[in-house]
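Where a number appears in this text, it was derived from the coordinates with a stated rule and is not lab data. Keep in mind it's a predicted model, so treat the numbers as computed, not measured. Every residue, glycine as well, gets a Cβ built from its backbone with ideal geometry; the counts of neighbours run over all protein chains shown.
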Amino acid sequence: MKVRDLLPQRRSTPTKNPTVDWSKHKDDLKVDFHHHCAYCGSYDGFRHTYFEVDHFIPKDFLKKIGSTIGLCQYDNLVYSCKFCNNNKSSLWPSQIESVFNLNNEGFVDPCNIEYDTHLKRTKDGGIMWNTPLGKWKATVAFKFDERANAIKLLWELNQRRKLVMAFANEMKKRDKDSPEYAGLMNHAGKISFEYVLLHNELMDYYNNL
């Protein structure tokens with residue numbers, strides 16, 4: 001399975017044009033990245049974390065080399081959970097603006113379809129690698145291995161969220177007094193119960209960090 005369900009695509013013309021505060025692009029990025037972290041695929045609707053605007057090519061590196069890429073330039077911005085953003089930080093192994101990765105260290109723009117060739121989602125929701133570059137990203141840049149429990153719980157939660165929404169959409173098509181409606185409601189209730197238990201487990205995990 002892919003780490004992200006959908007490939008994010010940045011719009012060519014964002015709705016705002018900030019010159020200093022790149023966080024003003026957050027609403028557009030949230031939509032363009034389908035409300036999921038570009039790197040680990042976690043959904044932004046849970047209380048587990050705050051989502052941020054990441055600079056794909058790190059802003060500290062851009063400042064250091066005097067790059068012409070502006071800090072508010074939309075095509076260098078990424079919708080990221082704070083854990084991926086904080087772990088990635090100012091890493092840029094090649095130290096060359098135009099070279100995203102070198103000698104199996106570095107990054108692939110998450111809007112590039114190539115991103116999905118280096119990493120994969122395991123059956124239990126974890127993130128593993130397909131390539132040496134993927135291993136570097138998973139164990140050094142984003143520390144998916146150290147965050148494995150949280151990543152799996154977030155994936156399980158999101159699967160149940162999507163199932164409940166699917167049941168809700170089907171229920172809208174049925175008569176509320178029909179057996180089909182009652183059956184869908186029963187299934188949705190069971191999944192919602194599992195969701196609550198998983199959510200509590202996730203909160204306990206974060207509270208004990």
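Okay, here's what the table says:
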quantity: Within region 22-146: Cβ-based charge dipole about Cα centre, in debye rounded to nearest 20 (Lys, Arg +1; Asp, Glu -1); calculated: 280
quantity: Highest to lowest packing among 74-83, 17-26, scored as the average C-beta count within 10 Å; calculated: 74-83, 17-26
quantity: Nonlocal amide H pairs with Ile127, under 5 Å, H built at 1.01 Å; calculated: Thr122
quantity: Within-14-Å neighbourhood charge of Leu184 [Cβ basis; K, R +1; D, E -1]; calculated: +1
quantity: Under 12 Å, Cβ to Cβ, from Asn200 - net charge with Lys/Arg +1 and Asp/Glu -1; calculated: -2
quantity: Of (i) 58, 42, 32; (ii) 54, 40, 32; (iii) 66, 36, 32, the label for Cα extents along the principal axes in Å derived from the coordinates; calculated: (iii)
quantity: Amide hydrogen neighbours beyond the local backbone of Ser42, cut-off 5 Å, H modeled; calculated: Cys37
quantity: For region 103-115, Karplus couplings with θ = phi - 60° (6.51, -1.76, 1.60), whole Hz, Gly/Pro x; calculated: 6, 6, 9, x, 9, 10, 3, x, 8, 8, 4, 4, 3
quantity: 0 to 90° range, to nearest 10: angle between helix 179-207 axis and the chain longest Cα axis; calculated: 40
quantity: Most to least packed among 6-13, 119-126 [average Cβ atoms within 10 Å]; calculated: 119-126, 6-13
quantity: Gaussian network model of the chain, springs between alpha carbon atoms under 10 Å - residue of Leu62, Leu133, Leu163 with greatest fluctuation; calculated: Leu163
quantity: Between region 96-112 and region 46-82, the alpha-carbon center distance in angstrom; calculated: 14
quantity: Computed lengthening from Asp21 to Leu71, 0.36 nm per intervening residue step minus Cα-Cα distance; calculated: 17.2 nm
